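Heads up, the thing below is written out as structure tokens.
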Amino acid sequence: MRYYSTRGKSDHVTASEAIIRGLAPDGGLYVPAGETASLTFDELPAGDYRALAAYILALFQDDFTEDEIETAVFSAYNSKSFDHPGITPLYRLTDQIFFLELWHGPTSAFKDIALQLMPHLMRAALRKKEKETEMVILTATSGDTGKSALEGFRDIPGMKIIVYFPEGGVSEIQKLQMTTQEGGNVCVTAVKGNFDDAQRGVKQIFSDRNLARLLAKNGFRLSSANSINWGRLVPQIVYYFAAYRDLVEGEALGPGDKINFVVPTGNFGNILAGYYAGRLGLPVNRLICAANKNSVVADFINTGAYDSRRPFYRTLSPSMDILVSSNLERLLFELTDHDSELINEWMRQLRESGAYRIDAPTLQKLQDLFWADYADDEDTLQTIAATYRDTGYLIDTHTAVGKAVYEKYRDREQDRSHTVIMSTASPFKFTGSVAKAVLDSNRYGDKSELDLLAVLAREAGSNIPSNLVGLAQKEVVHRQVIAPEEMRDHLLKALSLD
Ligand SMILES: *Cc1c(COP(=O)(O)O)cnc(C)c1O
């Protein structure tokens, strides 16, 4: 299968080239050029999560050998990295509603599912090139991506990972997760300013042609671990099938029955994987897009107008605080039957005026598949509290946005189909908000996020994920703080090119 850019279809590349490049040279995103096979339930392989992952990966990464795919899948999904043998287990809330727990990996957030696998795919892809280069992964993070990328790329031969986080812009637990990071090829630096400052610095490095030449001369190549990379998308298709298979095997569903998926959405990567799962033949009824108060994507799905000219809110679900959802471009390309001229025009309008509006037929196609709404912080806390009170099950703030929006969907649409809500982070990753929702204020008071780990574990009778248990004892090894304008020099120093 070949891949081409959403902005122009001339440049066909292999799957491995698409993963190495990340972004296409014309600024677009890579998508499969042809139709993928359609699967029926009987065709899914028997066996564990890894067997399913290898099967689905092979459909998309067809220039990888069976051996390369097996190696990548086994290196990613094993009992050292994941604390549940099912990798993405389902939790049954009621006969109809299930949570898919996507946070059993090494950083307790769903990004691990893709970022544990992608580095191994990248490594295999690089080996196919005649000239071996060292890959340098640069990531600006608002929290979850940075830690997940660090764990995914640590000690992978031929790769370096450099993460920049905003000095005051991440939670206490997220900061400690990063500043205590181990590994011989990792570099973590705080940047003065907010996430946008760090992000702008990374973008400047990527567009610096002189720097790229200097790096190439010394055998380095820059890439990104961001969800614009096709290599982050494919691993996410797998767990939609895994959830469905588990429901059929548990006899909650008959093969072919349609189900809903609810996805707490930020950059539109996770829910787009659900769309591709449907294209592959998974019986999807509705993909329910759940946004927080930064509801730009939900508004878009409801009106056809994408308008990023609005206030930016910091919410209790920070990993979804985003006003430009990059992966939406891929969906629009698919819904317009690969009309790259139209995509170019909309993206130009977005760049120049911050907004665009799609045509009525495309909007109709969008609304046939997707349903969307948002939940604010108050809804979020109430949903965590009510879920815990009614069932004893703790959910994090992002997952709570999903559940709150699902409840609106069920009330309005009266749809009683089986529904899987994507649980995107462990409640122990956001202890401050979760404690506030489920405990009396005299029990959380002025306790730190770290102290609240034990309080919540005792309250809910559940185990703290092992990567978070040890945090307080771990040594802080990354203490550097730099200004955004120092990022280029910092990079050169990190690569010993100064
Ligand atoms: C990244 C993230 C999301 C948003 O996922 P997208 O693929 O960007 O839509 C939701 N929840 C958590 C916990 C995340 O880390």
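Bear in mind that the values in this text are calculations on the coordinates, not laboratory data. Note that this is a predicted model, so its numbers are computed, not measured. Using ideal geometry, Cβ is built from the backbone for each residue, glycine included, and neighbour counts are taken over all protein chains shown.
Couplings 3J(HN,Hα) of the stretch 228-235, computed from phi: 6, 6, 4, x, 8, 7, 4, x Hz, in residue order, whole Hz [Karplus 6.51 cos²θ - 1.76 cosθ + 1.60, θ = phi - 60°; x for Gly and Pro]. Size of the stretch 305-440: Rg and Dmax of its alpha carbons, in Å, are 17.8, 56.
About its Cα centre, the stretch 111-189 has a charge dipole of approximately 340 debye under the convention of +1 per Lys or Arg Cβ and -1 per Asp or Glu Cβ, with nothing else charged. In the stretch 380-486, a dipole from Cβ-located charges (positive for Lys and Arg, negative for Asp and Glu) runs towards its positive end, and of 431, 467, 404 it is 404 whose Cα lies farthest in that direction.
Loop-resident trypsin sites (Lys or Arg not before Pro) (DSSP state other than H, G, I, E or B) in the stretch 447-485 with no more than 11 further Cβ atoms inside 10 Å of their Cβ: 479. Of all DSSP beta bridges located in the chain, what percent are antiparallel, nearest 5? Close to 25 percent.
Gain on full extension, evaluated as 0.36 nm per residue between residue 446 and residue 369 minus their Cα-Cα distance, stands at 23.2 nm. The GluC sites (Glu not before Pro) of the stretch 64-152 meeting both criteria, a DSSP state outside H, G, I, E and B (loop) and at most 10 other C-beta atoms within 10 angstrom of the site's C-beta, are 130, 132. Working note: Karplus 6.51/-1.76/1.60 with θ = phi - 60° gives the stretch 356-364 the couplings 7, 10, 8, 6, 4, x, 5, 4, 4 Hz, where Gly and Pro are set to x. Here the Karplus relation 6.51 cos²θ - 1.76 cosθ + 1.60, evaluated at θ = phi - 60°, turns the backbone of the stretch 148-165 into coupling constants of 5, 5, 4, 5, x, 9, 4, 6, 7, x, x, 9, 10, 10, 10, 10, 10, 10 Hz, with x for every Gly and Pro. What are the trypsin sites (Lys or Arg not before Pro) within the stretch 77-172 that DSSP puts in a loop, where the Cβ has at most 12 other Cβ atoms within 10 Å? For trypsin sites (Lys or Arg not before Pro) across the stretch 77-172 that sit outside H, G, I, E and B with at most 12 neighbouring Cβ atoms in 10 Å, the list reads 80, 129, 131. Helical runs (DSSP H, four residues minimum) scored at -39500 (n - 2.57) apiece and divided by the length of the chain put the mean residue ellipticity at 222 nm at -13000 deg cm²/dmol.
Here the dipole of the stretch 385-498 is about 320 debye; that uses its Cα centre as origin and unit charges on the Cβ of Lys and Arg (positive) and Asp and Glu (negative). Amide H contacts of residue 188 (H built 1.01 Å from N, in plane; Pro and chain starts excluded): 163 sit under 5 Å, all sequence-distant by 5 or more or on other chains. Put in order of Cβ neighbour count within 10 Å, fewest first, the listed residues 133, 65, 180, 107 become 65, 133, 180, 107.
Taking only the C-alpha atoms of the stretch 11-123, Rg followed by Dmax gives 15.9, 48 Å. Cβ under 14 Å from residue 214's Cβ, residue 214 left aside: what net charge do those residues give with Lys, Arg +1 and Asp, Glu -1? Result for the neighbourhood of residue 214: +2.
For residue 373, the residues whose amide H sits under 5 Å from its own are 289, 291, ignoring neighbours fewer than 5 places away on the same chain, with H placed 1.01 Å from N.
Under 20 Å from a label point 7 Å along Cα→Cβ of residue 486: give me every residue in the stretch 196-212 with its amide N that close. Counting only backbone N, you get 196-206. Cβ-Cβ distance of residue 213 and residue 155, R₀ of 25 Å, FRET efficiency by 1/(1 + (r/R0)^6): the value works out to about 0.30.
Taking the Cα centre of the chain as origin and charging only Cβ (+1 Lys, Arg; -1 Asp, Glu), how large is the dipole, in debye to the nearest 20? Its charge dipole is roughly 1060 debye. The Rg/Rh ratio of the chain, with Rg taken over Cα atoms and Rh as the Kirkwood radius over Cα pairs, comes to 0.94. Working from label points 7 Å from Cα in the Cα-to-Cβ sense, the residue 35 to residue 496 distance is 5.4 nm. Using a cutoff of 8 angstrom between alpha carbon atoms and counting only pairs six or more residues apart, the relative contact order for the chain works out to 18 percent.
The slack between residue 313 and residue 473, meaning 0.36 nm per residue of separation minus the straight C-alpha distance, is 54.2 nm.
Rounded to the nearest 5, what % of DSSP beta bridges with both residues in the stretch 278-416 are antiparallel? Of those bridges, close to 40 percent are antiparallel.
Given R0 = 35 Å, the distance between the Cβ atoms of residue 353 and residue 455 translates into a calculated FRET efficiency of 0.10.
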